[in-house]
Amino acid sequence: MRSWSPESWLEKTIKQMPHYADQQSLDSVNHQLSQHPPLVTVNEIVQLKKQLVQAATGKRFLLQGGDCAESFSECTTQNIENKLKILLQMSLILVHGLRKPVIRVGRLAGQYAKPRSADEETIDGVTLPCYRGDLINGLEFNEASRIPDPERMLRGYAHSSMTLNYLRALVHSGFADLHHPENWDLNFVEHSPKRDEYLSVVNDIQNSIEFFDTIAGLATDALQRVDFFASHEALNLHYEQALTRKAKDGNWYCMSTHLPWVGMRTAFKDSAHIEYLAGIHNPVAMKVGPELSAEELIELIEKLNPNNELGRLTLIHRFGVDKIEKGLPEIIRIVQKAQKNVLWICDPMHGNTRKTESGIKTREFADILGELQHAFKIHADNGSILGGAHFELTGENVTECTGGARGLTDSDLHQRYKSLVDPRLNYEQALELAMQIVKRV
Ligand code: PEP
Ligand code: CO
């Protein structure tokens, strides 16, 4: 095999990457980033990999979620706290209902670069390059803001580091204490025909916690602190390369996050992004959509996981509720036939995006839930394991996805639509989804 290095991706087919006109500025930023401390540790990465092995064999469940695109301006106390809160609450419902530990992985502290379907957008006759995430260029619709700026990588690093710093502090200082489900905002339950069922889930969780405390005596401490990991799409390879370090074990690690993934638009043969992920020692994930051929899928799996190591590779399938019944059994069979060890998780968001009549991007709660339910059933019917789920969600009360207990409709979406790219489940919809998942499996 040709030798791998953190920059060998430069020799491959590069898609979805910014072109930086100012080489001097790029070099200076790369140098500065390469001198900065890593954002995560090898020990944390190794711990996560061990937990992913268990998810692949059905002993744990991976909950991965967060914004489609984080933004620098939304790196606030409130947003970070609320995102952690919703992920913890969802995980508690899943632990309780699935009767297995949950691995919590945020889509955060680095989810600042976005692949786009089109290179340009036109507004009122003016055509400019698309917004590609705060790590690359600015959202503001003017020429200067849309030029890719390497300096943004330093800001991306700083914001990721602020986010991780606060998350770590929260997780280790009692914020994650699972003793008080009564503090959950459950107002939406009043709007649901499933009110009694939901309240009994929360009561049951509370009773279980009390029971656990009573028998163990010292359980308090264990319930106060939880593991929490970070992930993002490894899209801007200049940024990832500068944060790639050789560890004492002799292996290269991506130190900007625990679990980097490659998106659907950059997962193809000879891709620069696949080349980068192939050489790092982190667990990695790959999005798998309906367009990927069987032959290409196996080739990419072999490239990313040549030793067929369990826990190394997570496949995130994202078909859409209309396509999953046809597409998923096929790829499960291909992977089984080739005897490839993978962790399967379902992203029920990206195949279910639609536009309203007035042109707003949205997703319907019932489609998201529907795809997940199909995924659980299809894996079970095919002797496979669905080991996790991947969501775009926020702890805020936004109106971006339709449906859920409050029955949001297309005409409600304008009220609090804040997402910069894809529509997210709001706090209530995310909690409701977790309750629905455990009811149906
Ligand atoms: C995403 O996760 O925001 C995304 C762009 O997904 P995909 O690569 O599956 O389209
Ligand atoms: Co998205």
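Please treat every number below as a calculation from the coordinates, not as lab data. Bear in mind the structure is a predicted one, so any value in this text is a computation, not a measurement. Positions of Cβ are backbone-derived with ideal geometry, glycine not excepted, and every protein chain shown enters the neighbour counts.
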Rank 262, 53, 189 by mean-square fluctuation in a GNM of the chain with C-alpha springs under 10 angstrom and give only the top-ranked residue. 189
Suppose every K and R has +1 on its Cβ and every D and E has -1 on its Cβ; what is the size of the dipole of the chain about the Cα centre, in Debye to the nearest 20? 1260 debye
Write down the radius of gyration of the stretch 230-351 and its Dmax, each obtained from C-alpha positions, in Å. 14.2, 47
Compute from the Cα atoms of the stretch 24-83 the Rg and the Dmax, the latter being the longest Cα-Cα distance, and quote both in angstrom. 17.0, 50
Would you please state which residues of the stretch 269-287 a label at residue 323 would reach in this model, taking the label point 7 Å out along Cα→Cβ and a backbone N cut-off of under 16 Å? 287
Obtain the nm distance between the two label points defined at residue 158 and residue 439 by a simple spin-label model: each point lies 7 Å from its Cα along the Cα-to-C-beta direction. 4.7 nm
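With r defined as the distance between the Cβ atoms of residue 211 and residue 180 and R0 fixed at 22 Å, what FRET efficiency is calculated, to the nearest 0.05? Write down the numbers at each step before the final one.
Details: r = 16 Å, r/R0 = 0.71.
Step by step, r from the Cβ atoms, then E = 0.90.
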Suppose only helical runs count, i.e. DSSP H with n ≥ 4. What mean residue ellipticity at 222 nm does that imply for the chain under -39500 (n - 2.57) per run, divided by all residues and rounded to the nearest 500 deg cm²/dmol? -12500 deg cm²/dmol
State the Cα centre-to-centre distance between the stretch 362-441 and the stretch 1-74 in whole Å. 26 Å
Counting Lys and Arg as +1 and Asp and Glu as -1, what is the net charge of the other residues whose Cβ lies under 13 Å from the Cβ of residue 59? +4
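Over all pairs of distinct alpha carbons, what does the Kirkwood formula give as the hydrodynamic radius of the chain, in Å? Let's see the in-between values first.
On the way: mean 1/r = 0.0448 Å⁻¹.
One over the average 1/r among Cα pairs gives 22.3 Å for the chain.
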Based on other C-beta atoms within 10 Å, arrange 41, 266 from fewest to most. 41, 266
What is the pair-distance distribution P(r) of the stretch 330-441, computed from all Cα-Cα distances in 10 Å bins starting at 0, with each bin given as a whole percent? 14, 43, 26, 14, 3
Where Rh denotes the Kirkwood radius from the mean inverse Cα pair distance, what is Rg over Rh for the stretch 63-175? 1.09
Out of the DSSP beta bridges found with both residues in the chain, what percent are antiparallel (nearest 5)? 25 percent
Could you list which residues have their amide H under 5 Å from that of residue 288, counting only those 5 or more apart in sequence or on another chain, with H placed in the peptide plane? 316, 317, 318
Karplus 3J(HN,Hα) series, Hz, for the stretch 15-29 with 6.51 cos²θ - 1.76 cosθ + 1.60 (x for Gly, Pro): 10, 6, 9, x, 9, 8, 6, 8, 4, 5, 5, 4, 4, 5, 5
Residue of 368, 147, 385 that the Gaussian network model of the chain assigns the largest fluctuation, springs spanning Cα pairs under 10 Å: 147
With Cα springs under 10 Å, the Gaussian network model of the chain assigns the largest mean-square fluctuation among 285, 338, 267 to 338
Explain nothing, just compute: Karplus ³J(HN,Hα) = 6.51 cos²θ - 1.76 cosθ + 1.60, θ = phi - 60°, for every residue of the stretch 301-311 in order, whole Hz, x for Gly and Pro. 4, 5, 5, 7, 9, x, 8, 6, 7, 6, x
A correct Karplus calculation of ³J(HN,Hα) over the stretch 370-386, with 6.51 cos²θ - 1.76 cosθ + 1.60, θ = phi - 60°, whole Hz and x for Gly and Pro, returns x, 5, 5, 5, 4, 4, 4, 5, 5, 4, 4, 5, 9, x, 10, 10, 8
Under 5 Å from the placed amide H of residue 103, counting only residues 5+ away or on other chains, we find 61, 62, 63
